[in-house]
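This report concerns only the one structure given below.
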Amino acid sequence: MTANEVLNYGKIIEEITRFKELDEHRFLEPISEGKWSVKEIIGHLFYWDKFIQEKHFPFMNEGAVLSSFPDHDEHNSEAIQYISAFKTTGTLIDEFVENRKQLIEMMSGIESDVIFTIGSENRQFTVATYLEIFIDHDNHHLNQIKVRLT
C-alpha cells in the first residue's frame, strides 16, 4: 500500500472525530426527509468496515475470489439494527475510529500489487482500486454529514 492510499482511507477518522463533541440530538435528526440520521450514516460506514474486515481483507491475496458484496438493502437494515446497541453516537464514533485503524493496519500487510476478484464478477481489483470504491463511499456520506452538521 502506498502512503497516499492509506492516508486517503484514513482521512475520514479525523473528519468524523471532529463531530464527536456535538449534542446527541443533532446526530439523531434525519439529514433530510426520509433519509438516515447522522448516527445511522456513521453506523452504515462502520458496518461496511466490519464487513470488509471480516469478509475481504483477511483473504486478499493473489488470484483470490472474495465473497460477493452483500445485498445492499439487507446489509443497510442490519447496520441500523446493529448500531441500536450503541447508547450514544460518541461511543459509535469511538468504535468506528478503532475499527478503521484496525483496517488500515490490516492493509499494511497486503501486497499492493495483488489482483483478486469479488464473487462471480470478472472484474479484477487491486487493493488500490478496491479502496477507491470505499473512499468514494466515505466521501459521499461525509459530505452529507457535513451539510447536516455545519
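Filter the GluC sites (Glu not before Pro) in the stretch 2-97 down to the DSSP loop ones having no more than 12 other Cβ atoms within 10 Å, then list what survives. Those that pass, being in a loop and sparsely packed, are 21, 33, 62. Calculated mean residue ellipticity, 222 nm, the chain: -19500 deg cm²/dmol, from DSSP H runs (n ≥ 4) at -39500 (n - 2.57) each, averaged per residue and rounded to 500. Applying both filters, DSSP loop and at most 13 other Cβ atoms within 10 Å, to the trypsin sites (Lys or Arg not before Pro) of the stretch 70-150 gives 87, 123. Averaged over its residues, the stretch 14-114 has an accessible area of 56 Å² per residue, based on protein heavy atoms and a 1.4 Å probe. When the solvent-accessible area of the stretch 7-57 is split by element, carbon and sulfur atoms take up 48 percent of it, the probe being 1.4 Å. Overall, the accessible surface of the stretch 62-150 at a probe of 1.4 angstrom is composed of carbon and sulfur to the extent of 48 percent.
The values are calculated or read from the model by the stated rules, or taken from the named source; none is laboratory data. Values in this document were obtained by computation on a predicted structure and should not be read as measured data. So basically every Cβ, Gly included, is an ideal-geometry build from the backbone, and we count neighbours across all protein chains shown. Protein only, heavy atoms only, side chains kept; ligands, DNA and RNA dropped before computing areas. Shrake-Rupley method; radii C 1.70, N 1.55, O 1.52, S 1.80 Å.
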